[in-house]
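Okay, structure first, notes after.
The values are calculated or read from the model by the stated rules, or taken from the named source; none is laboratory data. Since the structure is predicted, the reported quantities are computational estimates derived from the model, not experimental observations. Note: ideal-geometry Cβ built from the backbone for every residue, glycine included; neighbour counts use all protein chains shown. Side chains included, ligands, DNA and RNA excluded: accessible areas come from the protein's heavy atoms. Shrake-Rupley method; radii C 1.70, N 1.55, O 1.52, S 1.80 Å.
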Amino acid sequence: MEHGPIRWLRTLNRNKALLLMVLPGTVWFILFCYLPMPGAVIAFKDYRYDTDGFLASILRSDWVGFKNFEYLFKTEDAFIIVRNTLLYNAVFIVLGTVLSVLVAILVNEIASKKMAKIYQTGMFLPHFLSWVIVSYFVFSFLSVDKGVLNQVLKFFGADPVFWYSETKYWPYILVIVNLWKGVGYGSVVYLAAIVGIDKSYFEAAMIDGASKWQQIRKIMIPMITPIIVIMFILAIGGIFRADFGLFYQVPRDTGALYPVTNVIDTFVYRGLKVTGDIGMSTAAGLYQSVVGFVLVIATNFIVRKINKEQALF
């Protein structure tokens, strides 16, 4: 009978191909997610740089308890940044999920696989564009004097709109830009799940006279629901984290738009630029991580109560 270590080594050898595939991701998580974790102690210290190095700076900095967290909650903009972060992310999650599933279904229904790949590539491409480039695309549409939208308005005899001064338009602009950039990428997971559905289900449905809509509603959507739920749970974990590039680069850091574009991440960045308070920025990051972790656990607990098989863990 094989002992534990020998059995473990045999298991490693049997699964070495799969382990090599996950190795790069594992190394990345260890280096950038787990090793920096002890640095979270800075959130509870008045961090001051010491010439002896980073570790000495942490050890010699004074403990301040939760004072770094007070910066987030006692400022006049606390309600605005939390409200914007939560509401924008809620809209992104709901609309992003719905549109990603819809796009995946539509691409799957294209008869020509060559055309399907072309459409999929076209929708996938925006994901690889940096927010700096996207911000210039948006500016080319919204510029006061030479923007495409204002040129169209002038053509029809309307007055140009000062887009970068009007807050009422930007919730819609940010949502549209975010969906344009992310839906194509998000649809890949759902398309993979749809492709993996056993074709015999659809063949049996067609024999029974089911229409295409009935096949989608009765077979396709129920079969990919577990993936939708898992992706939703993971998205909930990041609801307190805003996409910095979207909210900083696309509005071009315009002060007049802060009431509708200022989120936790941009607020912390601007505060760090002005005060150089590393402890405050660390506290904000720790706060976002803890809240995200709690939300994932809570959401998964609710899902387990409804349907245990669809829970993440």
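Between Ala210 and Leu234, the simple spin-label model (points 7 angstrom out along Cα→Cβ) gives 2.7 nm.
Given R0 = 22 Å, the distance between the Cβ atoms of Ala192 and Thr225 translates into a calculated FRET efficiency of 0.90. Taking the Cα centre of each part, how many Å lie between the range 143-207 and the range 265-313? So the separation of the two Cα centres works out to 27 Å.
Solvent exposure of the range 1-147, expressed per residue, is 71 Å² of accessible area, with all protein chains present and a 1.4 angstrom probe.
For the range 155-224, the ratio of Cα radius of gyration to the globular rule of thumb 2.2 N^0.38 Å stands at 1.90. Beyond 15 Å, how much of the Cα-Cα pair distribution for the range 221-313 remains, as a whole percent? For the range 221-313, the share of Cα pairs beyond 15 Å comes to 67 percent. Length available on full extension from Asp50 to Arg270: 0.36 nm per residue minus the Cα-Cα distance, which gives 76.8 nm. The C-alpha radius of gyration of the range 1-99, expressed as a fraction of 2.2 N^0.38 Å, stands at 1.81.
Along the axis of the charge dipole computed for the chain (Cβ charges of +1 for Lys and Arg, -1 for Asp and Glu, origin at the Cα centre), the listed residues Val41, Val177, Gln214 are led at the positive end by Gln214.
The label-point distance for Trp63 and Asn13, in a model that sets each label 7 Å from Cα toward Cβ, rounds to 5.2 nm. Counting other Cβ atoms within 10 Å, keep those with at most 10, restrict to DSSP loop, and tell me which trypsin sites (Lys or Arg not before Pro) in the range 201-290 are left. Answer by residue number: there is no such site.
For Lys74, a cut-off of 17 angstrom between C-alpha atoms picks up these aspartates and glutamates, skipping any fewer than 8 places away in its own chain: Asp265, Asp277.
Calculated from the structure, Rg and Dmax of the Cα atoms in Å equals which of [x] 20.4, 65; [y] 24.5, 87; [z] 19.1, 60? This structure yields the entry labelled [y]. Calculated mean residue ellipticity, 222 nm, the chain: -21000 deg cm²/dmol, from DSSP H runs (n ≥ 4) at -39500 (n - 2.57) each, averaged per residue and rounded to 500.
From the largest down, the range 116-250 spans 60, 38, 27 angstrom on the principal axes of its Cα atoms. With the full set of protein chains in place, find how many percent of the accessible area of the chain is carbon and sulfur; take the probe as 1.4 Å. It is 69 percent, rounded to a whole number. Under a 10 Å cutoff between Cα atoms, tell me which one of Ser289, Ser281, Ser112 has the largest fluctuation in the Gaussian network model of the chain. Looking only at Ser289, Ser281, Ser112, the biggest GNM fluctuation is shown by Ser112.
Under the simplified labelling scheme, the Ile118-Val132 pair shows an inter-label distance of 3.3 nm, with each label point 7 Å from Cα along Cα→Cβ.
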